Amino acid sequence: MKKKIPVKNIGMYTFLVLVCFFSVIPFFWMICAASNRSIDIIKGRMFFGTYLFENIKNLAASVSLGQAFWNSLRNSIIGTAASLFICSMAGYGFQMYRSKNKDRLISVLLLSMMVPFASIMVPLFKIFSQAHLLDTTLGFILPSISTAFLIFFFRQSSVSFPYEIVQAARVDGMGEFGIYLRIYLPVMSPTFVAAGIVTFMNCWNNYLWPLIIMQRQESQTLPLMITSLTSGYTTDYGILMLAVTICTLPTVSIFFALQKHFVAGILGSVK
């Protein structure tokens, strides 16, 4: 026998359905637009067209799609791995070590989140230029390799970590790095997945810093490549929407593949 929805919940479910509908519509229009001509998109066509392969051919002829995709993928993977390693070790240290000045340092880190990136952009560029790090993966990832948000995220998630396990491991003679690798990392895997998804999306969608530091066309990432498609006298919206769709698919795929771990990590659960 089917369970009936209570009358008091009908309004809530109706609201959720409407929110989902209006959230999905832009993505549906983007995918449809990738298969239509520019003139059809301007007219507001909301259905799939037959111009997809022609848009793919024109996009491949206009820009170096494969090179831009590889640059984004390489920079995002390396940046995510480095950021997770450094920020998780910092979060581990903040929670597992006892110090009177620990909370003061955490407060300073949180205050640093209020400083806009635009205010430090020029000094960073001068430093990286003098260090010959322009157009390099290292120059791309260094400004975001350690963020106050991720350190605080790992530190707060580590609050529920059983400290007795760490003490027992220390008594048995295991070093701190061994505790981190063999005990902390497996137990906190949902937190690592959630932080990894957020970090990967930030690296993948990063635009302002790559725009400054990636000066050669061979070093451009996908967001920069998409911008170049709108720099002419006329914009082919079919090609543009196809490029945006290609740029969106990796992050959407990763999120849906790991969404259960993402929710568990955000809630701070420890198995």
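When restricted to residues that are in contact with a Gly (Cβ under 8 Å, 6 or more places away or on another chain) and of a type in the set (A, V, I, L, M, F, W, C), the stretch 142-167 contains 7.
If the condition is being part of a loop (DSSP other than H, G, I, E, B) and aliphatic (A, V, I, L, M), then the stretch 35-69 contributes Met46, Val63.
The number of residues in the stretch 95-146 being hydroxyl-bearing (Ser, Thr, Tyr) and within 18 Å of Arg216 (Cβ to Cβ) comes to 3. Please determine, by comparing only the residues of the stretch 159-183 that are part of a helix (DSSP H, G or I) and among the acidic types (Asp, Glu), which one is farthest from the chain's Cα centre (by Cα). Within the stretch 159-183, the match that is farthest from the chain's Cα centre (by Cα) is Glu164.
Yes/no per residue for (1) at pLDDT below 85; (2) closer than 22 Å to Ile266 by Cβ; (3) in a helix (DSSP H, G or I):
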residue	(1), (2), (3)
Ala81	no, yes, yes
Ser88	no, yes, yes
Gly91	no, yes, yes
Arg98	yes, no, no
Ile106	yes, yes, yes
Asp135	no, no, no
Leu142	no, no, yes
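The values are calculated or read from the model by the stated rules, or taken from the named source; none is laboratory data. Just so it is clear, the model here is predicted, and its values are computed rather than measured. Backbone-built Cβ (ideal geometry, glycine too); neighbour counts: all protein chains shown.
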